[in-house]
Amino acid sequence: MAQLKMYWLTENDLPQLTLPAGYEWVHYKGPEDWHLWNECIRTGDPLTPEEEAANFKREIFDFKEIVPERDVWFLDHNGEHVATVTNFIWDSGIGDMHWVGVRPDHRGLGLSKYLSNIVQKTLKERGVPFVSLTTGEGRPWAVKSYLTAGFLPVEYDEGMVERWLKVMDTFGIDELQMLDEEAKPFKMLRRKAEGGIKGRFAPNYIAARMYACPICKNPHNGRRFDRCAALPMKVRILP
């Protein structure tokens with residue numbers, strides 16, 4: 001199954017975040033960083049030193065666009081790497097946020113917003129039109145942090161609309177703009193709440209798709225607003 005894709009448009013404003021006391025940004029220096037880089041992104045059992053070296057080579061060195069000393073960031077706490085993120089620019093000119101990870105003993109502290117912010121700031125300064133990332137529903141905390149940072153869902157593969165509507169249900173998000181692969185508006189996603197009423201329009205409006213009235217089940221001549229004879233309530237007709 002294809003991963004979820006998200007874009008952040010660099011035309012958007014970016015908050016200036018200040019790191020908590022004891023934290024600082026540093027760049028990759030050399031092989032001495034391989035172990036803690038792997039610890040930050042690890043989700044399973046620890047790797048052997050040989051496996052860690054091979055993993056770093058595959059995920060960092062094998063990308064010709066990545067200059068590790070410039071593009072691989074570590075968030076240090078009291079001088080020790082506790083989180084990492086990598087940013088780079090594809091040949092197409094699109095920015096990419098790559099391998100976001102927080103060491104297990106520092107997860108749950110809200111560090112993800114700083115990882116997103118440093119990439120957004122760096123790639124915005126480098127002039128990319130938007131920043132891309134991929135993730136999956138199996139990492140709901142990550143998806144939520146990216147949405148909070150301003151990343152938007154992208155329609156690029158079959159079933160993406162349905163999958164994003166499920167994500168919206170998970171987090172109680174009523175409305176979310178979806179982009180196409182060119183970072184243009186594709187569709188406004190609206191979550192269906194209980195009783196067929198959509199979040200922020202209830203109770204003033206009843207939202208209906210495909211111009212079908214949820215009260216009388218009949219179309220209302222394609223007009224955006226109409227009054228249903230079955231109930232004295234305006235019916236909002238969604239595109």
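Summary of computed values
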{"item": "Cross-link partners of LYS144 among aspartates and glutamates (Cα-Cα below 15 Å; sequence separation of 8 or more within a chain)", "result": "ASP169, ASP174, GLU175"}
{"item": "ASP174-ALA54 pseudo-label distance in nm [points 7 Å out on the Cα-to-Cβ vector]", "result": "5.2 nm"}
{"item": "FRET efficiency, 1/(1 + (r/R0)^6) with R0 22 Å, evaluated for HIS35 and ARG126 via beta carbons", "result": "0.15"}
{"item": "Exceeding the 19 Å Cα-Cα cut-off - candidates LYS5/LYS187; LYS166/LYS187; LYS57/LYS121; LYS5/LYS64; LYS5/LYS166; LYS113/LYS192", "result": "LYS57/LYS121; LYS5/LYS64; LYS113/LYS192"}
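No value in this document is a laboratory result; all are computed from the given coordinates. A quick note: this is a predicted structure, and the numbers were derived from the prediction, not measured. We place every Cβ from the backbone using ideal geometry, glycine too, and count neighbours over all the protein chains shown.
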